[in-house]
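Report on one structure; see the data block that follows.
No lab work stands behind these numbers, since they all come straight from the coordinates. Model, not experiment: these values are computed from the prediction. Here the Cβ is made from the backbone with ideal geometry for all residues, glycine too, and neighbour counts use every protein chain on show.
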Amino acid sequence: MFKDILKKWENSSAIKSMGGNNDTNSGTSDSVNDERVDILTHKLTEFEMTAKKVFKRLEKKIEVLEAVEASVDEKLASFERLLQTADTVKPSAAAGFNRQKEVLALVRKGMRIDDIAGIMSMPKGEIELILNLGNR
């Protein structure tokens, strides 16, 4: 790709004008043009190497962002499940809700103490106390 660009540039008036007039001093002009083409080739090679490095870094950053996105999606799904569970287990004072039985039921479902405490609006220590009493 870069070589095609160089060929086009070699034939353009911009490169020819940098070296002077081809008609009057073609030997000097050719060597100056060759030198300038070599410089341009070197600069393009450097640019290509830098671009490759940048793209590699971008690819790594994209991989990290995709992993973060997957983690966030997983946490959101977990949060939505918690909210659904919370909606089904909210205490009802009029129905004479038995908080201890509900805590034990949530533990049997595999919920963590911190999650139960949040859902039941109870301190973590109270949940632990209920669990300790339920194990006796």
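Which of Glu63, Glu102 has the fewest other C-beta atoms within 10 Å, and how do the rest follow up to the most?
Details: Glu63 10, Glu102 17.
Exposure proxy ranking, most exposed first: Glu63, Glu102.
Sort Val64, Val103 by Cβ crowding within 10 Å, fewest neighbours at the top.
Least crowded to most crowded, the residues run Val64, Val103.
Which FRET efficiency value, to the nearest 0.05, do you get for Lys52 and Thr28 by plugging their Cβ-Cβ distance into 1/(1 + (r/R0)^6) with R0 = 25 Å?
Details: r = 37 Å, r/R0 = 1.46.
For Lys52 and Thr28, the calculated efficiency is 0.10.
May I ask you to evaluate 6.51 cos²θ - 1.76 cosθ + 1.60, the Karplus curve with θ = phi - 60°, for each residue of region 106-119 and list the ³J(HN,Hα) values in order in whole Hz, giving x for glycine and proline?
Listing the rounded values in order: 5, 5, 4, 6, x, 6, 7, 4, 4, 5, 4, 4, x, 5 Hz.
Short version: ³J(HN,Hα) in whole Hz for each residue of region 38-54, in order, from phi by Karplus 6.51 cos²θ - 1.76 cosθ + 1.60 (θ = phi - 60°), x for Gly and Pro, what are they?
4, 5, 5, 4, 4, 5, 5, 5, 4, 4, 4, 5, 5, 4, 4, 4, 5
Count the net charge of all other residues whose Cβ sits under 15 Å from the Cβ of Met49, scoring Lys and Arg as +1 and Asp and Glu as -1. If you can, show how the numbers build up before the last one.
On the way: positive: Lys43, Lys52, Lys53, Lys56, Arg57; negative: Glu46, Glu48.
With Lys, Arg at +1 and Asp, Glu at -1, the neighbours total +3.
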